[in-house]
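The numbers here are math on the coordinates, done by the rules we state, and not lab data. Computed from a predicted model, the values in this text were never measured in an experiment. Ideal geometry is used to build each Cβ from the backbone, glycine not excepted, and the neighbour counts take in all protein chains shown.
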């Protein structure tokens, strides 16, 4: 895939706080890349550096192979959809959308045609003469998107564009945005703190924490094969179990944890026997038994809850670790406070933080 | 329960009467045919006729209007540029500079008047229209400055960033985004400045020349020689003008949507 945007060793501090610590990434043409992380992790700063609204302390920004690190924001072929939409309150929808085109001195007929097309794309045809204060949150959102895409930018930056919308509208807009991005073929750099949103929409996800990328990969990679315990918890809501490797045989590590024995497939990085390791297991992959088998950890059932057709069983291991197991349906097979054994397939146990 | 709801209303009515009764009396007596203000001699426009035929009064009115328009105009430009510049500046001494800029409102007028007089005679400026315009403009600037500053503080910074992002240069952003959004504040600041200039007596007395009269000075000197109902007519006319200005300012402020 051709690279359209590249960040090379970007650093940025505000006063004494280091917001970005050596950030590097290449973003492909037509890619939907999501920067996922909690608030304050530096994702908005990355976006502002790409847009030119903030200058990095170190590192370079390349757009389509050209170094734009020092370029003014109005000289970059990049447009932004702001978190609070930032629609011009004194202009109607049409003038808002046409603003970028008018500055480029586009022909009047072409402006009219492109504005109409953009409005149709975001399903707001006929709203030309409305003012921003006459629109609902979702409609403002669409206008903000139309105002950005009408300029055919090389890269579109979206800063938590759905953050202010209610859940139902957010789901709907997620689908629409994804469809729009496929249709236009524009590269999207999308910011969110919602892992579900990231997994639904992205081609690749860059999970951020305290100014660094913890992991960059496809949604499946990030979800199924987290590299760190942070990614496992933040993206997959995984359980973390601490233990010690006993032996490694045929690509499977046997691990002693909380007085039991479990197995995990060894992937790119090899642990050594006797090493302290952390295992990430997602709740849906945990199996429960009433009697001991060869592999498994003894645990006590603390609580059972039901939500959205899912049964969640809260367990406590002997070393105090809390583990959640979930399954579809509501068949209550176990008594509260009963003693159980938990286990999982070796390929569902992921060794993290290696 | 009833007393509770009635008492504030009575208080409000009392206040309104206290404020507007003198005004109403002045308006009523401007139509009084009798020369004595204690006697109602029937309805008449005669004082208005006399008012418009008094050439020195009309001259003073003309001067006041010229000074008002020029000084509020100058204050409008300087005050706006100052507020916009200060909003962008990242100075340590910003707070102090802003405080100094608004100080003229708090300094007693008599001191300002004396200072202006001393300064202008040092500069060897001929006392008259020029000194009046300069003096008025300088005490009018804080009104515009404060209004625009407050307005700028309420404008979302991301609007400017969005315009830059869409390709606008800094100058274009100012003309397309900032200026339209602060224009109601500029206009109301200028109207306030105009009103301040129009009714200023203290400072004007210090800095006016021997042959230049402003309307308030003229009225003041006439009062000393005896009140004629002509003054009532003049006050009514000025009241009408002010009313028109206020309604206009309100209309301009309301027409444009401020926030989205």
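Each Cα pair under 8 Å and six or more residues apart adds its sequence gap; the mean of these over the residue count of chain B is a relative contact order of 31 percent.
Looking at the range A:3-229 only, what percent of DSSP beta bridges run antiparallel? Nearest 5 please. For the range A:3-229, the DSSP antiparallel bridge percentage is about 55.
Among B:48, A:85, sorting on how many other beta-carbon atoms sit within 10 Å of each Cβ, with the fewest leading, yields B:48, A:85.
Across peptide B:154-164, the average count of Cβ atoms from other chains found within 10 Å of a residue's Cβ is 6. For chain B, adding -39500 (n - 2.57) for each run of n ≥ 4 DSSP H residues and dividing by the number of residues yields -25000 deg cm²/dmol at 222 nm. On a 0 to 90° scale, report how tilted helix A:167-184 is relative to the longest principal axis of chain A, with both axes built from alpha carbons and the result rounded to the nearest 10. So the inclination is approximately 60 degrees.
Compared with the dominant principal axis of the Cα atoms in chain B, helix B:215-225 is inclined by about 30°. When you restrict to C-alpha pairs under 8 Å that are six or more residues apart and normalise by the size of chain A, the relative contact order lands at 15 percent. Ordered by the count of other Cβ atoms within 10 Å of each Cβ, fewest first, B:235, A:291, A:41 give A:291, B:235, A:41.
Each stretch of four or more DSSP H residues adds -39500 (n - 2.57); spread over every residue of chain A, this sum gives -7500 deg cm²/dmol at 222 nm. For a test of the definition: using alpha carbon positions, the gyration tensor, and the 1.5 limit on a/c, classify chain B as rounded, prolate or oblate. It comes out oblate by the Cα gyration axes.
Geometric descriptor of the range B:1-134, per residue, is 248 Å³ (volume of the convex hull of the Cα atoms). Counting neighbouring Cβ atoms within 10 Å and putting the fewest first, the residues B:84, A:155, B:77 line up as B:77, B:84, A:155. Helix B:229-255 and the long axis of chain B differ in direction by around 20°, with both axes built from C-alpha atoms. Using a Gaussian network model on chain B with a 10 Å cutoff between Cα atoms, which of B:111, B:231, B:187 fluctuates the most? Taking springs between Cα atoms under 10 Å, the residue moving most is B:111. Shape of the range B:106-260 from its Cα gyration tensor (a ≥ b ≥ c, root eigenvalues): rounded if a/c is under 1.5, otherwise prolate when a/b > b/c, or oblate? Since a/c reaches 1.5 but b/c is at least a/b, the shape of the range B:106-260 is classed as oblate.
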